[in-house]
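The values are calculated or read from the model by the stated rules, or taken from the named source; none is laboratory data. Just so it is clear, the model here is predicted, and its values are computed rather than measured. Because the Cβ atoms are built from the backbone with ideal geometry, glycine has one as well, and the counts that use them run over all protein chains shown. Please note that ligands, DNA and RNA were not included when accessible areas were found on the heavy atoms of the full protein model with its side chains. Shrake-Rupley method; radii C 1.70, N 1.55, O 1.52, S 1.80 Å.
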Amino acid sequence: MKKPFGINRGKFLAAAGAGAAVTMIWPFFSSCDSRPSTTVKPELSEGFKPDVDLELTATQSKASILTGNKTEVWVFVSTLLKGDKNTLQKLEGSYLGPIIKVRKGQKIRIRFKNNLPVETIVHWHGMHVPEQYDGHPQDVIGNGETYIYEYEIMNRAGTYWFHPHPHGRTGPQVYNGLAGLLLVTDEEEEKLNLPKGAFDVPVVIQDRTFDNQNQLIYLDGQMKRMQGFLGDQILINGSASQEISLKAGCTYRMRLLNGSNSRIYKLGWDDGSPMTIFGVDGSLLGSPKELPYLMLGPAKRVDLWLDLRDKDEGTVLTMKSLSFPLDGMSGGMMGDGMMDGVVSKLPHGSEFEVFSVKLVDSGSNSAELPARLVNYQPLDPSTATNLNSPRQFAFNMGHMELTINGRTWETTEVADEEIVKLGTTEVWELINGDGMMSNDDGGGMMDGHGMMGDGGMMGGDSGMMGNMMQMPHPVHIHQLQFNILERNVDGMDPGLWDAIKEGFVDEGWHDTILLMPGMKAKVIMQFKDFKGLFVYHCHNLEHEDMGMMRNFKIV
Ligand code: C2O
Ligand code: CU
Ligand code: CU
């Protein structure tokens, strides 16, 4: 039997695309804790009257991404059954998407059909929905099955997204192309005269690696999996050209989503212009913020203002990822030579171009960025039940294992400290590192892949290992949006902090927070409306797949 994680995804896709039966046995099944789903919802609820009703089918396809051979990808095919025709938008020329546009208060039904040869389920990242519609890994459906989601849009205006969420296979499924945007608007946003339609531009940033047949290559070893996937080429909205064509004379809202499996970007305009940010994950800000550069961790979204009113046609603006010293496994020390093939041609933290904005035409629009956007009312810390003794969750890379408070994923298990009460407000302290190394011997997960085996240079529980294994963890909590109270960087490498400290927007409503090695952050959240089992996890998708995910239960 093959090693569960030792599969070259590119090869698998090639085989499946060459007409292999859809019922082929997927080697992953043998080792994962998937079980027959108990909550499949094949029935439409009689009483539910959707404003928007759509079909979303995950299926295998081919896309022209590079010149020459088409690339085997996985896509969401969508059809609008009911609702305004602008509800469903394709990402033009892209295998990614679609974009679903909804309004707060609307009721949406999504008939998700799985036409893939593997189990999957769709999760609505950032959305406040009942348990059975959140896309919990236990709700995976098999080939040919349908899962019905029916919920009311309760979130604020913001940029949300959706992607698969089966345990152990989220990384490869997103990598193969399954990701779309869910854009929510509300009354408060509509009053603002922000750019709409063609002036509201999605920018999904992902890194990919192709083989010489233009096929996607995913990870092929435990070492790379611990590090997280790093591609050697940036795609923007699924396109390799990295070019966005806009009009001089106009103003734009650019909705940036870091849809990469593990890469962090330090985004900055090449000419040194500040980044004007006016929205984060689940909300617009009270007022726009200007930053020299912006740190965008996996799964994070921001609204970036772009004013082209005094720019000429023909101008090209370049957005770069600027360098920052990420040591440890993702760069530096473990670089070339030391670990052949582990390091991407685009090392994590190196400087490279992310996209360019080309002014191919000119025009005008009337949209403005107001100095005051929304009435931002964060949760009041004094209303938290545990302000002075926050729940602590430590995200650790231990001895070949990725843990949260020493535990790894179990489909339905919750520890006592993971049970919270409906109707309460709590502070959680999310900690990257803290020396709580797992004492588990790794269960053989890493053996057989050379370097990381026992007795090697990485074999110790402390010392070298402790430092080298520290990696960023973009921590995501399902079901809610939180406010960030504080970041504590006492445990961080000062050089790293210095290089990134001006790149965070902590105001607003967030569902994901990038925790750099040694960083701690306090976040405040409220559990409301829905009881049930939800997950929180590291959104480095390889870490998530390797078990850096846990349930929390609202009772
Ligand atoms: Cu974007 Cu649990 O996921
Ligand atoms: Cu999520
Ligand atoms: Cu992580």
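Given the residues 95, 133, 160, which is the only one that is open to solvent by 10 Å² or more (accessible area, probe 1.4 Å), in the same structural domain as residue 178 (by TED's automatic domain parsing) and within 15 Å of ligand 1 (Cβ to nearest atom)? Lay out the reasoning, then the answer.
Numbers: 95 fails: within 15 Å of ligand 1 (Cβ to nearest atom); 160 fails: open to solvent by 10 Å² or more (accessible area, probe 1.4 Å).
Matching residue, one of 95, 133, 160: 133.
If you go through region 202-209 one residue at a time, do you hit one that is assigned by TED's automatic domain parsing to the domain that holds residue 238 and on the phi > 0 side of the Ramachandran plot? Even if it seems obvious, please write down each step before you answer.
Here is the first cut: in region 202-209, the ones assigned by TED's automatic domain parsing to the domain that holds residue 238 are 202-209.
Now restrict to residues that are on the phi > 0 side of the Ramachandran plot: none.
No, every residue in region 202-209 fails to be assigned by TED's automatic domain parsing to the domain that holds residue 238 and on the phi > 0 side of the Ramachandran plot.
Within region 521-541, does at least one residue satisfy the condition of being farther than 21 Å from residue 422 by Cβ, more than 16 Å from ligand 3 (Cβ to nearest atom), in the same structural domain as residue 405 (by TED's automatic domain parsing) and modelled with pLDDT of 95 or more?
yes
Within the set of pairs 6+ apart or on separate chains, which have a first residue in region 205-233 that is modelled with pLDDT under 95, a second that is assigned to a strand (DSSP E or B) and open to solvent by 30 Å² or more (accessible area, probe 1.4 Å), and C-beta atoms under 6 Å apart?
Pairs that qualify, where the first residue is modelled with pLDDT under 95 and the partner is assigned to a strand (DSSP E or B) and open to solvent by 30 Å² or more (accessible area, probe 1.4 Å): there are none.
Restricting region 362-385 to residues that are part of a loop (DSSP other than H, G, I, E, B) and of a type in the set (Ser, Thr, Tyr), which is farthest from residue 246 (Cα to Cα)?
Residue satisfying both the conditions and the ranking: 385.
Show me the strands (runs of 3 or more DSSP E) found entirely inside region 236-303 where at least 2 residues are basic (Lys, Arg) and either on the phi > 0 side of the Ramachandran plot or modelled with pLDDT of 95 or more (or both). Don't jump to the end; show me each part of the working.
On the way: elements: 243-248, 251-258, 265-269, 275-280, 283-291, 294-296.
Qualifying strands (runs of 3 or more DSSP E): 251-258.
Could you tell me whether any residue of region 510-520 is open to solvent by 50 Å² or more (accessible area, probe 1.4 Å), acidic (Asp, Glu) and outside any strand (DSSP E or B)? Please lay out each step first, then the result.
First, the residues of region 510-520 that are open to solvent by 50 Å² or more (accessible area, probe 1.4 Å): 520.
Then keep just the ones that are acidic (Asp, Glu); that gives none.
No - not one qualifying residue is present in region 510-520.
Among the residues of region 65-79, are any open to solvent by less than 10 Å² (accessible area, probe 1.4 Å) and either at pLDDT below 95 or among the basic types (Lys, Arg) (or both)?
There is no residue in region 65-79 that is open to solvent by less than 10 Å² (accessible area, probe 1.4 Å) and either at pLDDT below 95 or among the basic types (Lys, Arg) (or both).
Provide a single number: the residues in region 533-550 that are open to solvent by less than 10 Å² (accessible area, probe 1.4 Å) and not in a helix (DSSP H, G or I).
Residues of region 533-550 open to solvent by less than 10 Å² (accessible area, probe 1.4 Å): 534-545, 547-550.
Subsequent filtering for residues that are not in a helix (DSSP H, G or I) retains 534-540, 547-550.
Residues in region 533-550 being open to solvent by less than 10 Å² (accessible area, probe 1.4 Å) and not in a helix (DSSP H, G or I): 11 in total.
Name the residues in region 475-491 that are closer than 19 Å to residue 298 by Cβ and either modelled with pLDDT under 95 or over 20 Å from the mean Cα position of the chain (by Cα) (or both), would you?
Once the filter is applied, which keeps residues that are closer than 19 Å to residue 298 by Cβ and either modelled with pLDDT under 95 or over 20 Å from the mean Cα position of the chain (by Cα) (or both), region 475-491 yields only 487.
Output the residue which, of all residues in region 94-120 that are touching a residue at least 60 places away in the same chain (Cβ under 8 Å) and within 16 Å of ligand 2 (Cβ to nearest atom), is farthest from residue 166 (Cα to Cα).
So the residue we want is 100.
For region 371-386, which residues satisfy the criterion of being touching a Leu at 6+ places or on another chain (Cβ under 9 Å) and surrounded by fewer than 18 Cβ atoms within 10 Å (Cβ to Cβ)?
Within region 371-386, 376, 378, 381 meet the criteria.
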